[in-house]
Amino acid sequence: MDAKQIIKEGKRVFDVEIDALERVKDALGEVFVEILDEVLACEGKLVITGMGKPGHIAKKLAATFSSLGTPSFCLHPAEAMHGDLGMIDKKDVVIAISYSGESDEIVKILPNIKMIGAKLIAITGNGSSTLAQAAEIVQVFPSFNEACHLGLAPTSSTTVALVYGDALAVTASEARGFKDIDFGRFHPAGSLGKKLVLRVDDLMASGDKVPKVASGSLLMDAIKEITNKQIGVVSIVDDASRLIGIITDGDVRRLIEHREDIYSVTVDEVMTTNPKRVEQGTLAVHALEQIRRQKINCLPVVSGDRLIGTITWQQIVNAGIVL
């Protein structure tokens, strides 16, 4: 095949699968609503099963449902025959995906699912199949062509099953009132999850690690604090630990350049008063946005007016949060 033929064949696959998706979308109706109602009413877990290529789709859909607020897992039908059926409870809802509805491994576990008492939902292209006859709710896909040039390999059928499942998962999530903070709770390792969950309190320098000196201290004491704590800024506090100013390492360098007497001057004479700050409990990503917007390196963290920590852009970025 030359380049033109290769591109033409690639586009044909897109066209065939898009056509299949359009047919299934146009066929969405009361059965979709019935299945969604069962998912929302499920008191146990959503169990999704399929064999071969539909098994891969089942695994992905179980992950999608779980991440969007519907507890779910994928059951391998062959493993189910060797004990994994014990994972199913009568409170569960089982969605079985088989385009033919006659996958041997699926068919063999149907009687056991019925004995357990779980609700059985079928997603298939064959309304008269064994799977369809056993299920309490059946979504039968309309007729369409597989994109495989032989018309044999599951291509369009797995694509429509995937998108159909995604539609169920997303609609269920919206119906449950699932929020971005809930999503972040289930994705703590990802950048998006960290943006939604991590707060300045989780990352800031606190306690003895906070660079600070009391009002009236010598500038040299502040320089020592900056050097020892290695954050690049020192906060100035009053007797009640209220933040009243800051001095940065950049401020110190400028004082030296201008030949100021850094040995006798006090912090109150050179500090920046009423400095920018961030409140305890603020999302770290919002603190990073403030740091970038103001073109600074760090922010004091306060509870009201009281200094409780210091947060730097490095601490936030090192935690995996980026803008």
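Summary table
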quantity	calculated
Meets criteria (among the charged types (D, E, K, R), open to solvent by 40 Å² or more (accessible area, probe 1.4 Å) and closer than 23 Å to residue 208 by Cα) for residue 295	no
Hits in segment 1-25 (condition: more than 16 Å from residue 145 (Cα to Cα) and under 30 Å from the mean Cα position of the chain (by Cα))	none
Residue match in segment 258-275 (condition: polar (S, T, N, Q), part of a helix (DSSP H, G or I), surrounded by fewer than 13 Cβ atoms within 10 Å (Cβ to Cβ) and within 40 Å of the chain's Cα centre (by Cα))	no
Neighbours by Cβ (under 8 Å, 6+ apart or cross-chain): first from segment 104-115, under 10 Å from residue 130 (Cα atoms); second in a helix (DSSP H, G or I) and aliphatic (A, V, I, L, M)	106/131; 107/131; 110/131; 110/134
Flag for residue 24 being within 17 Å of residue 175 (Cβ to Cβ) and in a helix (DSSP H, G or I)	no
Close pairs (7 angstrom Cβ cut-off, 6 or more residues apart or separate chains): touching a residue at least 60 places away in the same chain (Cβ under 8 Å) and under 10 Å from residue 203 (Cβ atoms) in segment 305-317, open to solvent by less than 40 Å² (accessible area, probe 1.4 Å) and part of a strand (DSSP E or B) anywhere	309/205; 309/301; 311/278; 311/298; 311/299; 311/301; 312/298
Test: residue in segment 96-104 that is polar (S, T, N, Q) and surrounded by 20 or more Cβ atoms within 10 Å (Cβ to Cβ)	yes
Inter-residue pairs, beta-carbon under 9 Å, first in contact (Cβ under 8 Å) with a residue 12 or more places away in the chain and in segment 1-26, second outside any helix (DSSP H, G or I) and open to solvent by 80 Å² or more (accessible area, probe 1.4 Å), 6+ apart	9/1; 9/149; 12/149; 13/149; 16/145; 19/145; 20/145; 23/143
Test result for residue 86, open to solvent by 10 Å² or more (accessible area, probe 1.4 Å), out of contact with any Gly (no Cβ under 6 Å at 6 or more places or on another chain), at pLDDT below 95 and over 30 Å from residue 195 (Cβ atoms)	yes
Number of the condition not met by residue 235 [criteria: (1) among the hydroxyl-bearing types (Ser, Thr, Tyr); (2) closer than 25 Å to residue 316 by Cβ; (3) open to solvent by 30 Å² or more (accessible area, probe 1.4 Å)]	(3)
Boolean, residue 110 is among the aliphatic types (A, V, I, L, M), touching a Ser or Thr at 6+ places or on another chain (Cβ under 9 Å) and within 18 Å of residue 156 (Cα to Cα)	no
Residue that is nearest to residue 146 (Cα to Cα) [pool: residues in segment 41-70 that are in contact with a Leu (Cβ under 7 Å, 6 or more places away or on another chain) and open to solvent by 20 Å² or more (accessible area, probe 1.4 Å)]	57
Residue, modelled with the highest pLDDT, within segment 137-182, restricted to residues that are more than 25 Å from residue 25 (Cβ to Cβ) and in a helix (DSSP H, G or I)	180
Members of segment 139-156 that are open to solvent by less than 30 Å² (accessible area, probe 1.4 Å) and within 24 Å of residue 36 (Cβ to Cβ)	139, 141, 144, 156
Residue that is farthest from residue 217 (Cα to Cα), among those in segment 238-257 that are open to solvent by 100 Å² or more (accessible area, probe 1.4 Å) and in a helix (DSSP H, G or I)	257
Neighbours by Cβ (under 6 Å, 6+ apart or cross-chain): first from segment 69-96, closer than 15 Å to residue 116 by Cα; second surrounded by fewer than 13 Cβ atoms within 10 Å (Cβ to Cβ)	90/117; 91/43
Pair list, Cβ < 6 Å and 6+ apart or interchain, from segment 194-207 residues that are closer than 20 Å to residue 322 by Cβ to residues that are open to solvent by 50 Å² or more (accessible area, probe 1.4 Å) and of a type in the set (Asp, Glu)	196/180
Residue satisfying condition, being over 14 Å from residue 35 (Cα atoms), of a type in the set (Val, Ile, Thr) and at pLDDT 95 or above, within set 121, 113	113
Total residues in segment 252-267, condition touching a Ser or Thr at 6+ places or on another chain (Cβ under 9 Å) and within 25 Å of residue 295 (Cβ to Cβ)	1
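The values are calculated or read from the model by the stated rules, or taken from the named source; none is laboratory data. Note that the structure is predicted; figures quoted are calculated from it, not measured. Because the Cβ atoms are built from the backbone with ideal geometry, glycine has one as well, and the counts that use them run over all protein chains shown. Ligands, DNA and RNA are stripped out before the accessible areas are found, and what is left, the full protein with its side chains, is counted by its heavy atoms. Shrake-Rupley method; radii C 1.70, N 1.55, O 1.52, S 1.80 Å.
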